[in-house]
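Colleague: First the structure, then my questions, so here it is.
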Amino acid sequence: MAGARVLPARRNSTPGDSDDTDISMPRSIPRKRIPSSEWEKKRPIITRLYQEEKKPLKEVMEILERDHNFTATVKMYKSRIWKWGLDKKLKGDEVLAILILRTEREAQGKPSEFTIRGQPVDLDNINRYIRRNPSLVARFRAGEVPSIQTTLEVQCHTPSPAASPASPAQSEAGPIEEVLDLFKDYVDSRFASGAWEYEYNHNCMSRLPGDRSDELFERVMASFALVNRSMMRKDDISIGAILSPAFESLKEIVASESPIFIARTACLLWYLDRNHRNDLLRIVMDYLAGLIPIVLGRDNPMVRIWQILGAPQFTEYAQLALRLYSTLVPLMEERIGPANYLTAILYGDHIDCLLGHDRSAEALAVATSYRAKADATGMQHSWLIELAVAQTAVLCKAKEGEGKVEEAMECLRALKEYNMGEDQQAVVNIQLGNYSFRSGDIQAAIRWFQEATRLAVTSDGDERLLLTCLANLERAFAKMGRDVEAVHVQQYRLGRLSDFARDSSAFASLPCGWREPCHSETSLAASPVDDSSRSSMDVPDWLWTSPDVAQVPSATPAMGMT
């Protein structure tokens with residue numbers, strides 16, 4: 001039941017994604033970066049020279065430096081060329097992945113189009129590569145499979161059918177309007193058919209027994225966020241090990257046709273568009289566009305939605321996400337109530353979306369409105385505390401933007417009036433630590449981050465929260481010159497990240513829920529929000545015996561462990 005949950009771990013994303021990223025960079029001083037915006041300005045020129053005119057990289061670099069006053073290292077160029085999918089040379093693993101997919105689909109009589117990192121593949125080039133490399137065919141016949149990373153980068157879909165005559169209204173409607181109409185029709189049909197059951201102002205879920213979509217989706221978003229942060233910090237991690245369970249989880253989420261997937265699609269779209277526009281966004285869109293007709297059947301209305309979202313020419317993901325919130329929020333408020341767990345998820349995601357796009361004033365108005373609607377129901381659900389936390393987070397951001405940091409901290413202190421869970425207390429402590437860090441009081445920041453870490457490590461919240469605490473603590477220790485402690489924190493953080501990937505894989509592969517019956521003990525032991533899934537790595541003694549314990553500034557509320 002939704003009511004049994006403590007607080008949606010999702011809301012950790014507000015302080016974690018925004019405030020963590022600007023103070024949790026690697027401790028070593030990096031070489032001078034070239035902003036992504038500058039690379040994007042030069043992208044058309046580089047694409048024309050390297051891909052269309054097929055000039056060698058050395059010549060491309062010389063032209064850019066001579067004619068456009070743009071200088072970057074070979075490594076930087078190769079990284080961008082890989083992200084943009086401009087590689088000239090096919091790789092054996094990529095062709096092997098295509099050969100496996102093509103063989104499977106030809107056996108089913110399905111036409112196919114392939115992309116590598118979002119770029120269309122010329123099948124003539126593939127056939128030439130196979131003819132010139134007979135060893136690849138031998139690998140295929142021997143049953144070899146490509147790496148996980150390559151499997152994620154190579155995507156296959158059915159070519160779009162030729163456009164059929166449409167009514168004037170249909171042909172005038174753009175893709176966003178069509179998706180919005182399809183979403184509304186789909187939601188109406190799920191309620192009308194009884195596929196979704198709900199209790200007004202309480203919960204809304206699929207009728208399928210053992211639906212794990214809520215937990216699985218949290219794990220998917222956590223994986224994407226952790227990959228993003230780890231890449232920013234240049235952590236030595238296996239991206240494939242973290243992402244592979246996420247893609248496996250998406251299969252179960254899609255198959256369940258849960259209301260969670262509908263409610264959180266907008267979150268998925270804007271988050272990937274904002275943080276992974278040049279890499280993971282296209283991979284995920286292609287993957288879901290190909291997966292949904294296989295899992296749900298070609299007649300399912302979701303197929304058309306994801307045909308549009310997965311089309312290479314569709315790019316308005318952020319705009320669509322905002323329009324989806326404007327459509328789904330009032331629809332769910334009317335049908336299932338403003339205090340419903342699912343509605344609260346939509347509320348929180350919408351606020352995060354506005355904050356993520358620097359629309360603080362609008363976010364504050366929306367958060368205030370949503371909170372008033374929920375308060376008016378008189379319900380006391382634990383997840384509704386999230387709206388108070390969200391509203392305060394938005395207000396803090398507004399105060400900070402005006403340079404009123406002390407007033408922002410007072411807003412956080414006011415949250416002590418609420419009966420917050422440990423993860424919410426940790427979120428508040430992270431933010432207070434961020435303010436201390438920016439004001440130059442690193443010692444106070446360390447104390448706040450330590451307290452947040454102790455709370456997060458013992459709570460049953462999202463692993464993102466704990467890793468955010470650790471990353472900030474690591475950065476603060478390094479800033480103080482306490483390098484030994486910084487290294488200890490870093491080692492523990494990377495160990496937790498590795499454990500997260502392993503636990504995600506184990507949880508995603510469980511034969512549970514609607515797929516086949518399983519024992520409740522097994523599900524609890526492997527749940528990604530259960531303590532036991534987080535205990536495979538012992539909590540280090542230094543976390544509790546640090547000399548900074550119990551020195552949290554007295555001017556702020558005591559938010560320690562109880």
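Colleague: Restricting to region 250-279, count the residues that are more than 17 Å from residue 302 (Cβ to Cβ) and not hydrophobic (A, V, I, L, M, F, W, C).
Modeller: Total satisfying the criteria: 8.
Colleague: For region 387-437, name all the residues that are under 21 Å from residue 470 (Cα atoms) and of a type in the set (D, E, K, R).
Modeller: Those that are under 21 Å from residue 470 (Cα atoms) and of a type in the set (D, E, K, R): 422, 423.
Colleague: Given the conditions (1) of a type outside the set (A, V, I, L, M); (2) surrounded by fewer than 21 Cβ atoms within 10 Å (Cβ to Cβ); (3) without any contact (Cβ under 8 Å) to a residue 60 or more places away in the chain, report the number of the one that residue 381 does not fulfil.
Modeller: Evaluating residue 381 over (1) of a type outside the set (A, V, I, L, M); (2) surrounded by fewer than 21 Cβ atoms within 10 Å (Cβ to Cβ); (3) without any contact (Cβ under 8 Å) to a residue 60 or more places away in the chain leaves (3) as the failure.
Colleague: So how many residues does region 196-211 have that are out of contact with any strand residue (DSSP E or B) (no Cβ under 7 Å at 6 or more places or on another chain) and assigned to a loop (DSSP other than H, G, I, E, B)?
Modeller: Final tally of qualifying residues: 6.
Colleague: While we're on this one: Select, from 297, 240, the only residue that is over 16 Å from the mean Cα position of the chain (by Cα) and surrounded by fewer than 19 Cβ atoms within 10 Å (Cβ to Cβ).
Modeller: 297
Colleague: Same structure, new question: Has region 272-292 got any residue that is of a type in the set (Ser, Thr, Tyr) and either at pLDDT below 90 or over 27 Å from residue 189 (Cα atoms) (or both)?
Modeller: no
Colleague: Got at least one residue in region 9-28 being at negative phi, surrounded by fewer than 19 Cβ atoms within 10 Å (Cβ to Cβ) and modelled with pLDDT of 50 or more?
Modeller: No: region 9-28 contains no residue that is at negative phi, surrounded by fewer than 19 Cβ atoms within 10 Å (Cβ to Cβ) and modelled with pLDDT of 50 or more.
Colleague: Moving on to the next point. In region 365-380, what residues are aliphatic (A, V, I, L, M) and within 21 Å of residue 420 (Cα to Cα)?
Modeller: Residues satisfying the conditions are 367, 372, 374, 376, 379.
Colleague: Going by the conditions given, is residue 321 within 30 Å of residue 415 (Cβ to Cβ), touching a helix residue (DSSP H, G or I) at 6+ places or on another chain (Cβ under 9 Å) and not in a helix (DSSP H, G or I)?
Modeller: no
Colleague: Still on this structure, please answer the following. Out of 292, 262, 253, which single residue is in contact (Cβ under 8 Å) with a residue 12 or more places away in the chain and over 25 Å from residue 203 (Cα atoms)?
Modeller: Going through 292, 262, 253 in turn, just one is in contact (Cβ under 8 Å) with a residue 12 or more places away in the chain and over 25 Å from residue 203 (Cα atoms): 292.
Colleague: Follow-up. Being in a helix (DSSP H, G or I) and either of a type in the set (A, V, I, L, M, F, W, C) or at positive phi (or both) is the filter here, so list the residues in region 330-358 that pass it.
Modeller: Residues satisfying the conditions are 331, 332, 336, 342, 344, 345, 346, 351, 353, 354, 355.
Colleague: While we're on this one: Scan region 425-435 and give yes if some residue there is small (Gly, Ala, Ser), within 29 Å of the chain's Cα centre (by Cα) and closer than 16 Å to residue 489 by Cβ, otherwise no.
Modeller: yes
Colleague: Which one of these is of a type in the set (A, V, I, L, M), crowded, with 24+ Cβ neighbours inside 10 Å and out of contact with any strand residue (DSSP E or B) (no Cβ under 8 Å at 6 or more places or on another chain): 442, 446?
Modeller: Step by step, each of 442, 446 is checked, and only 446 is of a type in the set (A, V, I, L, M), crowded, with 24+ Cβ neighbours inside 10 Å and out of contact with any strand residue (DSSP E or B) (no Cβ under 8 Å at 6 or more places or on another chain).
Colleague: Tell me yes or no: at least one residue of region 442-449 is under 18 Å from residue 468 (Cα atoms), in contact with a Cys (Cβ under 7 Å, 6 or more places away or on another chain) and not basic (Lys, Arg).
Modeller: yes
Colleague: Additional query: From the residues in region 324-352 that are more than 12 Å from residue 264 (Cα to Cα) and touching a strand residue (DSSP E or B) at 6+ places or on another chain (Cβ under 7 Å), which one is surrounded by the fewest Cβ atoms within 10 Å (Cβ to Cβ)?
Modeller: Out of the qualifying residues, it is 336.
Colleague: Still on this structure: For region 190-207, does any single residue satisfy the condition of being modelled with pLDDT under 85, farther than 23 Å from residue 298 by Cα and not charged (D, E, K, R)?
Modeller: Scanning region 190-207 turns up no residue that is modelled with pLDDT under 85, farther than 23 Å from residue 298 by Cα and not charged (D, E, K, R).
The values are calculated or read from the model by the stated rules, or taken from the named source; none is laboratory data. Worth saying up front: this structure is predicted, and the values here are computed from it rather than measured. Note that each Cβ is placed from the backbone with ideal geometry, even for glycine, and that neighbours are counted across all protein chains shown.
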